[in-house]
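Enquirer: Pasting a structure below so you can have a look.
The values are calculated or read from the model by the stated rules, or taken from the named source; none is laboratory data. Since this is a predicted model, take the numbers as computed values, not measurements. Every residue, glycine among them, receives a Cβ derived from its backbone with ideal geometry; neighbour counts consider all protein chains shown. In case anyone asks, the SASA skips ligands and DNA or RNA and just uses the protein heavy atoms, side chains included. Shrake-Rupley method; radii C 1.70, N 1.55, O 1.52, S 1.80 Å.
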Amino acid sequence: MTRDDEARALAAVINHLTERFPDIPRSVIENAVAEEHSSLSSGRIRDYVPVLVEHAAKKRLTKVATDIRLSGGFSSELAGRQPH
């Protein structure tokens, strides 16, 4: 997988997660994906990076979405409490 392929796949991950979590601002989703991607940046085999990033980001965002439902709405405080 080239860097361009990986970048396109990550953009698709962001778009998919934005649709899946409509109550979470896109910027929060982008940050979650970027943080998960950076944690995998040293790997030599890149083919599965987008799948691994999506899985980890989805797990984090599910927690944020649960917090949103429990608190009655999104707040910047909730974005800062994302699990890593």
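Enquirer: With a 1.4 Å probe and all protein chains left in place, how much accessible area per residue does the chain have, in Å²?
Expert: 65
Enquirer: Sum -39500 (n - 2.57) across every DSSP H segment of at least 4 residues in the chain, then divide by the residue count to get the 222 nm mean residue ellipticity, nearest 500.
Expert: For the chain, the value works out to -23500 deg cm²/dmol.
Enquirer: Turning to a different aspect of this structure: Region 43-77: which trypsin sites (Lys or Arg not before Pro) are DSSP loop and have at most 14 other beta-carbon atoms within 10 angstrom?
Expert: 44
Enquirer: Cα atoms only: what Rg and Dmax, in Å, come out for the chain?
Expert: Final numbers for Rg and Dmax: 13.1, 42 Å.
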